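The structure under discussion appears below in the form of structure tokens.
The values are calculated or read from the model by the stated rules, or taken from the named source; none is laboratory data. A quick note: this is a predicted structure, and the numbers were derived from the prediction, not measured. Neighbour counts run over all protein chains shown; Cβ positions are idealised from the backbone, glycine included.
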Amino acid sequence: MQDLDREKRREQSLSRALEALEACAGTPFIPGEMVGWLAAVEQAYQQLQPLLQQQHGVHATEFAEMSRQDPEMLRHVENLEQEDQSIAVEFGSLKDRLELLRPLVCRVEPDEKRVEVVMSEFAQSAVTLVTRIRKQEVAVRTWLVEAFTRDRGQVD
């Protein structure tokens, strides 16, 4: 029972952190407020980072269990593992872009129109990444259940 409660709390924490990053990145830019906008996105990113790392560790355990329960699912497990790795790379790239944007925005403020396109692309990347992470969570849960409940026909 404690494991289920811990799992539920972990999932809720991840969900809240994803919502926070999505909300920050989706907030429109207000003239004179880009530095504050970036700070809010960075704070949401920092809250999500350890939760996402923890989730990737949980996924590794779940992937191993899926493979043990149903070896025929190996292709699906490999796809899930690749998506986890791709998400981790994209998440790191988002941080790199955030660090590049900070000094740029500080230099151009108050003439922020010069960086509006770059900021919009960054914001869209962050929102897209949140969507990918959510989609991955649903896929992992779906295939994990499938590994344990799939009808394999007549087994000797």
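Worth pointing out:
- Considering Glu137, Glu121, Glu116, Glu112, the condition of being under 24 Å from His56 (Cβ atoms) and of a type in the set (Asp, Glu) is satisfied by Glu137 alone.
- Taking the criterion of being touching a helix residue (DSSP H, G or I) at 6+ places or on another chain (Cβ under 8 Å) and at pLDDT below 95, the residues of the range 28-41 that qualify are Phe29, Ile30, Pro31, Gly32, Met34, Val35, Trp37, Leu38.
Table: residues versus (1) among the basic types (Lys, Arg); (2) closer than 29 Å to Ser15 by Cβ; (3) modelled with pLDDT under 85.
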residue	(1), (2), (3)
Glu90	no, yes, no
Arg107	yes, no, yes
Glu112	no, no, yes
Val115	no, no, yes
Thr131	no, yes, no
Ala139	no, yes, no
Leu144	no, yes, no
Phe148	no, yes, yes
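- For the range 64-84, a residue qualifies if it is among the polar types (S, T, N, Q) and within 14 Å of Glu146 (Cα to Cα), and the qualifying residues are Ser67, Gln69.
- Meets criteria (in contact with a Lys or Arg (Cβ under 9 Å, 6 or more places away or on another chain) and of a type outside the set (Asp, Glu)) for Met66: no
- Test result for Val117, within 21 Å of the chain's Cα centre (by Cα) and loosely packed, with under 12 Cβ neighbours inside 10 Å: no
- Those residues of the range 21-34 which are within 11 Å of Ala126 (Cβ to Cβ) and buried (at least 17 other Cβ atoms within 10 Å of the Cβ), in sequence order: Leu21, Glu22, Cys24, Ala25
- Single unsatisfied condition, Trp37 versus (1) within 14 Å of the chain's Cα centre (by Cα); (2) surrounded by 18 or more Cβ atoms within 10 Å (Cβ to Cβ): (1)
- Scanning the range 1-27 for residues that are of a type in the set (Asp, Glu) and modelled with pLDDT of 95 or more gives Glu19, Glu22.
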